Amino acid sequence: MRTTIRGLGALAVAVTVAIALAAGGLVPASAAEPPIDPHGYWTAERLRAAAPELPADPGSPAPAPAHAGERTLGWGSTTTVNNTVGRLFFRTPTGDTSCTATVVNSATKNVVITAAHCVHPGGPGRAYYGNFLFAPGWNNGPSAHGYWSGTAVGASAEWTQSKKWDHDYAFVRLAPSGGQQIANRLGGNAVAAGAGQAQANVQIWGYPVLAPYTGQTAHRCIVSTIPVNSYAPDARAACPFTHGASGGPWLKDVQASGLGLVWAVTSRCESAPGGGGACAGTALFATPLPPAALALRDAVGGA
C-alpha cells in the first residue's frame, strides 16, 4: 500500500510511504539469542548470505590521498560499536542484501535513516524493496538489542520518480519492542537539515564488506569533509569504506554518549580504476540532508 502525503506542517513536500512486506514484531533487548523476524522470512542462513547493496559511482572525481586515521584497519577507519548504528537487511527482486542505518530522534521515536537506494531502486514505475529488518549494534552477529522489523518505508519523490542522487536518503519505521520504541531504548541521533558540505570532526559509520573488511563489524572514520567542487551539491570524505557502508550516518557535534547530528548519509563512493562499479576505497560522497528530510522522517514515523 502506498500513500502520498502533501503539505505536512509548514513545509509542503510530496513523499511516498510504502508499507513494507514484513510488518510488526520485536524482541526483548535482554535476549541472549534474540529471535529472528517473527514473520518467518529471515533466518540465520539468509542473514549470513545477504550480500551488501552496492553504492553508486558518483562520476570521476580525482582520487584522494590516504587519510591517516587512528587505530586502523586498512587506513582511516577504526573498529568500534555504536548501538544506534546497525545493519539494515532487506529483500530485493534479485536477492537479499544489506546496508547501514542508524536510529534518529523523532516525535514517534521509531525511525532509522539510511540511503534511498537501500529502500527503492529509483525512478518511476518501480517498487520499494521489502522485508526490512534492522539489527542495531551488529557485531559478528546480533547484539542484545536484537532485531527490529520494519513496518513502513519512505523516500522522497525526487528519488522515487526521478532518481536524483542529491536526494539519496530514506527512512524506515520500526515496530516497538515490549511496548518500547527503539529511540527510547537506545537513544536517537538528531536530524540536521541544511548543513554545509564542509564540516570538521565528522564521524562516518558503516558496515563495509569488501577486504580488508568483512561486513560483520561496524567501522568509523573521523574526517573533515569538503565540497566536491563549486557547483555540485555533494560533500566528499576521505574514508575508505566500500560496499555495505551505504546509508551509514555522517555525524557532527558528537557528544560523549556517541549521539550526534546526522547531516548526511553515505550515498556513493569514488570508483576504482577501470570502473565496473567497484569502490576505490579512497573516498565517500553524500549530499547534505535538505529541510524536506524532516517532513519525510515524520511522515514515515507516523507523526
_So, Y213, is that one modelled with pLDDT of 95 or more, in a loop (DSSP other than H, G, I, E, B) and buried (at least 18 other Cβ atoms within 10 Å of the Cβ) or not?_
no
*Give the residues of segment 281-303 that are under 24 Å from F241 (Cβ atoms) and among the β-branched types (V, I, T), sorted by residue number.*
T282, T287
*Count of segment 236-264 residues which are on the phi > 0 side of the Ramachandran plot and either in contact with a helix residue (DSSP H, G or I) (Cβ under 6 Å, 6 or more places away or on another chain) or surrounded by fewer than 21 Cβ atoms within 10 Å (Cβ to Cβ) (or both)*: 3
_Those residues of segment 110-146 which are aromatic (F, W, Y) and open to solvent by 10 Å² or more (accessible area, probe 1.4 Å), in sequence order_ = Y128, Y129, W138
*Looking at segment 124-203, what strands (runs of 3 or more DSSP E) fall wholly within it and have at least 2 residues that are more than 22 Å from V81 (Cβ to Cβ) and of a type in the set (V, I, T)?*
148-156
*asked:* If I ask for residues that are in contact with a Ser or Thr (Cβ under 8 Å, 6 or more places away or on another chain) and more than 13 Å from R236 (Cα to Cα), which ones from segment 202-219 would you list?
replied: W205, G206, Y207, P208, V209, L210, Y213, G215, T217, A218, H219
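The values are calculated or read from the model by the stated rules, or taken from the named source; none is laboratory data. Nothing here was measured: the structure is a model prediction, and the numbers come from that model. Because the Cβ atoms are built from the backbone with ideal geometry, glycine has one as well, and the counts that use them run over all protein chains shown. To get the accessible areas, we keep the full protein, side chains included, count just its heavy atoms, and leave off ligands, DNA and RNA. Shrake-Rupley method; radii C 1.70, N 1.55, O 1.52, S 1.80 Å.
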